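> This structure is in structure tokens; I'll ask about it shortly.
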Amino acid sequence: MLTPYDFQENLQQRAQYIRNRLQAGSPVIGISYDNGVMLVSLRRRGRKVFEIYDRLIFAGIGNQSDVETIRIAAVDFTHQEGFVRSPDDVTIQRVVGFALSPALKKAFGDPFTAPFVFRGLFAELGAAPDRDLFYTLNYDGEFLQNSAYAVLAGTALAEENALDYLSQQLSGVPSFETAIPIALTAWGIARHSATQEDEESVSESVARDALREVLGDASVEVGILERETLRENRFRLVPSEQLEPFLRRLG
Amino acid sequence: MIQSRHDATDNAVVSKMNPTTAGDFFQLLQAYQARTGTTLPLFAPTPASTAPAHEALEVHGTTVIALKFAGGVLNVGDRRATAANMIMYDRADKIIPLDDHTLIAIAGAYGRAMEVVRYLRHAFKYYARNQLQPMSMDGKLQEVSRALSANLPNALGGIGLFIPILSAYDPNTDSGRIFFYDVSGARFETQEYGAAGSGSERIRGIFDYITRTRGPFSQRPLDEVLRDAILMLDIASDLDSATGGVDKILPTARYATREGVFTVTEETLREIVQSIRGRNL
């Protein structure tokens, strides 16, 4: 028999278990720039940034299969809604708030099912940069809305540190060229703080060291949704040739 | 309370018990219908009409043209929508991108066609996003066949006949390809060009004439082929009342290449129309 006390302890244990497993996840930096939104991350193996719908992209950390389950659920929901109603009715807050969050909450609170080891960042492309939206979605169904920029990282402190850095660096709406180096440094900050948990703030040079270290056996993945484009699909992964100059400048 | 929690699980989009649909949009919609108890208009065939259907089957007043060019395929269409001898609408878009490599040109019942096009757009993109690889060209062609054969009852009922031309950039051959369909979903590939609609019958010979005098479309540059296409559309509108002209309202022109699907700008179209008129005057 479960008592209320057990229930609370059970939730805490589950949360602790998930947090431990999320800690090593490769952070994701989201920035809204003049001609679109970008999600920037580093990856060792599989893809990291995914297209969900015409104006919606996503990246997650955690158990691969859980990330995949959430991704497929989001793709299913958006396409069903986009066809039955209209693509205009597929919004980030409907997808995250109504389609995904309650199910995550339910799996987390149910002691008889395995919880999702998952934390995700969704980005929606608006008509103008001030209409772009970011939602971070947590393993327990909690979600948070951001505009202009957002961070997904293994620990709360890492997210805070990277967000601080982004708020200092991004005063107005950046261009693609200015946003990429900022995103890469922010990634380094988040990475370093997630692994060295005691440090309150991380300097740029330490962040770049952390980035360089990982770059040895990983590659940068930048997924963008373009605001103005002649192409039918707004989403594309930025080819590595286009990212190389930015990485060379890191030294 | 507990009952409603169970309902919530059953309806939840995230359910580890549900097998994924392998990127099949049709299956996704079937599951949606089963879950909600609704029938989507696409899957609701109209009862066969008692009137003889053959008259209705011949109504497809328009002209859409698909031409290959070096490195891709071009589609051009007029913008007139007619019902019998009435002009209903003069800004219909009959050339629609389905994804970054595929265009569909529509002749026939516009309403049904748009519903099927909406389905196909979602089906192709759903597959690509779900499976993380684009649907193969043959897969796309098959999907169009499936949608057309599902629409057959409507076509026979007299309200749903439409004949699409599918144009695609084929990355395997680095060239454009053109396919046309019959009403039951049978698919045929053409070598150089395709056309559909009432106006297309009248200009059939021009395709051959141009091919024989100026060489195959597939080996000529886009700007030349585009000019030929606009000229043919202009001739079609002179010979067929259901085909809109190119002067008052500019036609639609889109093309697919390795880089994706692009729309020809109004500026370019206007220049071509003006240069055609200039020569004729």
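Read-outs throughout are calculated quantities, based only on the coordinates presented, and are distinct from any laboratory measurement. It should be emphasised that the depicted structure is a prediction, and the values quoted were computed from it without experimental measurement. Using ideal geometry, Cβ is built from the backbone for each residue, glycine included, and neighbour counts are taken over all protein chains shown.
> Classify the range A:27-249 as rounded, prolate or oblate from the Cα gyration tensor: take a ≥ b ≥ c as the square roots of its eigenvalues, call it rounded if a/c is under 1.5, otherwise prolate when a/b beats b/c and oblate if not.
oblate
> Can you compute the modelled spin-label distance between residue A:89 and residue B:274, with each label point 7 Å from Cα toward Cβ, in nm?
Output for this residue pair reads 4.5 nm.
> Estimate the FRET efficiency between residue B:201 and residue B:31 by the formula 1/(1 + (r/R0)^6), using the beta-carbon distance for r and 35 Å for R0, to the nearest 0.05.
Here the calculated transfer efficiency is 0.25.
> Same structure again: Check each of the chymotrypsin sites (Phe, Trp or Tyr not before Pro) in the range A:74-150 and keep only those in coil by DSSP with at most 14 other C-beta atoms within 10 angstrom; list them in order.
Within the range A:74-150, the qualifying chymotrypsin sites (Phe, Trp or Tyr not before Pro) (loop, at most 14 other Cβ atoms within 10 Å) are A:112.
> Residues with amide H under 5 Å of residue A:117's amide H, sequence separation 5 or more or different chain, H placed in the peptide plane at 1.01 Å from N; which?
A:63
> Which FRET efficiency value, to the nearest 0.05, is calculated for residue A:231 and residue A:112 with the Förster distance at 41 angstrom and r the Cβ-Cβ distance?
Step by step, r from the Cβ atoms, then E = 0.30.
> Additional query: What does the convex hull of the alpha-carbon atoms of the range B:73-132 project to on average, in nm²?
Its average projected convex-hull area is 4.6 nm².
> Can you run phi through the Karplus equation (6.51, -1.76, 1.60; θ = phi - 60°) for the range B:182-199 and list ³J(HN,Hα) in whole Hz, with x for Gly and Pro?
Result, ordered by residue: 9, 5, 8, x, 5, 10, 9, 9, 10, 7, 10, 8, x, 8, 9, x, 4, x Hz.
> Another question about this same structure. For chain B, state the semi-axes of the equivalent ellipsoid (square roots of 5 times the eigenvalues of the alpha-carbon gyration tensor), sorted largest first and rounded to whole angstrom. Let's see the in-between values first.
Numbers: eigenvalues 278, 106, 50 Å².
Equivalent-ellipsoid dimensions as semi-axes: 37, 23, 16 Å.
> Hey, fewest Cβ within 10 Å first, where do A:101, A:86, B:167 land in order?
In order of increasing Cβ crowding within 10 Å: A:86, A:101, B:167.
> Spin-label point model (7 Å from Cα, Cβ direction): what's the residue A:47 to residue A:175 distance in nm?
Rounded to a tenth, the inter-label distance reads 3.0 nm.
> Rounded to whole Hz and in sequence order, give me ³J(HN,Hα) for the range A:80-87 from the Karplus expression 6.51 cos²θ - 1.76 cosθ + 1.60, θ = phi - 60°, writing x for Gly and Pro.
Running phi through 6.51 cos²θ - 1.76 cosθ + 1.60 with θ = phi - 60° gives 4, 5, x, 7, 5, 9, 8, x Hz.
> What nm distance separates the two modelled labels at residue B:142 and residue A:156, each placed 7 Å from Cα along Cα→Cβ?
For the pair residue B:142/residue A:156, the computed spacing is 5.1 nm.
> Leaving out same-chain residues fewer than 8 places away, which lysines sit with a Cα under 20 Å from that of residue B:68?
Straight-distance partners of residue B:68: B:94, B:140.
> At 222 nm, what helix-only mean residue ellipticity would chain B give, in deg cm²/dmol to the nearest 500, using -39500 (n - 2.57) for each DSSP H run of four or more?
So the calculated ellipticity at 222 nm is -13000 deg cm²/dmol.
> For residue B:248, give me every one of the aspartates and glutamates with a C-alpha distance below 17 angstrom, ignoring sequence neighbours fewer than eight places off in its own chain.
Qualifying aspartates and glutamates at Cα under 17 Å: B:78, B:90, B:93, B:234, B:238, B:240, B:266, B:267, B:271.
> Taking H as built 1.01 Å from N, whose amide H comes closer than 5 Å to the amide H of residue B:69, not counting residues under 5 places away?
B:74, B:176
> Looking at chain A as a GNM with Cα springs under 10 Å, which of A:161, A:138, A:233 has the largest mean-square fluctuation?
A:233
> Here's something else I'd like to know. What ³J(HN,Hα) values, in whole Hz, does the Karplus curve 6.51 cos²θ - 1.76 cosθ + 1.60 give for the range A:35-51 when θ = phi - 60°, with x put for Gly and Pro?
Whole-Hz 3J(HN,Hα) from phi for the range A:35-51: 9, x, 10, 10, 10, 10, 7, 10, 9, 9, 10, x, 4, 10, 9, 10, 7.
> While we're on this one: For the protein assembly as shown, with the dipole built from +1 on Lys and Arg beta-carbon atoms and -1 on Asp and Glu ones, taken about the Cα centre, which of A:222, A:26, A:162 lies farthest toward the positive end?
Comparing the listed Cα positions along the dipole, A:222 ranks first.
> OK, next. Treat every Asp and Glu Cβ in chain A as -1 and every Lys and Arg Cβ as +1, leave all other atoms uncharged, and give the resulting dipole magnitude about the Cα centre to the nearest 20 debye.
Numbers: 25 positive and 35 negative charges, 113 e Å.
Approximately 540 debye in magnitude.
> Continuing with this model, one more query. Helix-only estimate, please: 222 nm mean residue ellipticity of chain A, summing -39500 (n - 2.57) across DSSP H runs of length 4 or more and dividing by its residues, to the nearest 500.
-13500 deg cm²/dmol
> Then there's this: For the charge dipole of the range A:27-249, defined by +1 on Lys and Arg C-beta atoms and -1 on Asp and Glu C-beta atoms about the Cα centroid, which residue among A:117, A:80, A:58 has the Cα displaced farthest towards the positive pole?
A:80
> A further question follows. Once R0 is set to 30 Å, what does the formula 1/(1 + (r/R0)^6) return for the Cβ-Cβ distance between residue A:68 and residue A:200, expressed as a FRET efficiency to the nearest 0.05? Let's see the in-between values first.
On the way: r = 35 Å, r/R0 = 1.16.
My answer for the efficiency is 0.30.
> Follow-up. Using modelled backbone amide H atoms (1.01 Å from N, in-plane), which distant-in-sequence or interchain residues come within less than 5 Å of residue A:52's amide H?
When sequence neighbours closer than 5 places are left aside, the close amide H contacts are A:57, A:58.
> Work out the charge dipole of chain B with +1 on the Cβ of Lys and Arg and -1 on the Cβ of Asp and Glu about the Cα centre, then indicate which of B:63, B:172, B:216 is farthest towards its positive end.
Toward the positive end, the furthest listed residue is B:172.
> Okay, moving on. What percent does the relative contact order of the range A:103-251 come to when contacts are Cα pairs within less than 8 Å and at least six residues apart?
15
> DSSP H helices in chain B with Cα extent of 30 Å or more along the helix axis and mean Kyte-Doolittle hydropathy at least -1.0? Each step should come with its number before you reach the end.
Values: long enough: B:110-131 (31 Å, -0.86).
Going by DSSP H runs, the hits are B:110-131.
> While we're here: Can you sort A:106, A:48, B:248 from fewest to most other Cβ atoms within 10 Å of each residue's own Cβ?
Lowest count first: B:248, A:106, A:48.
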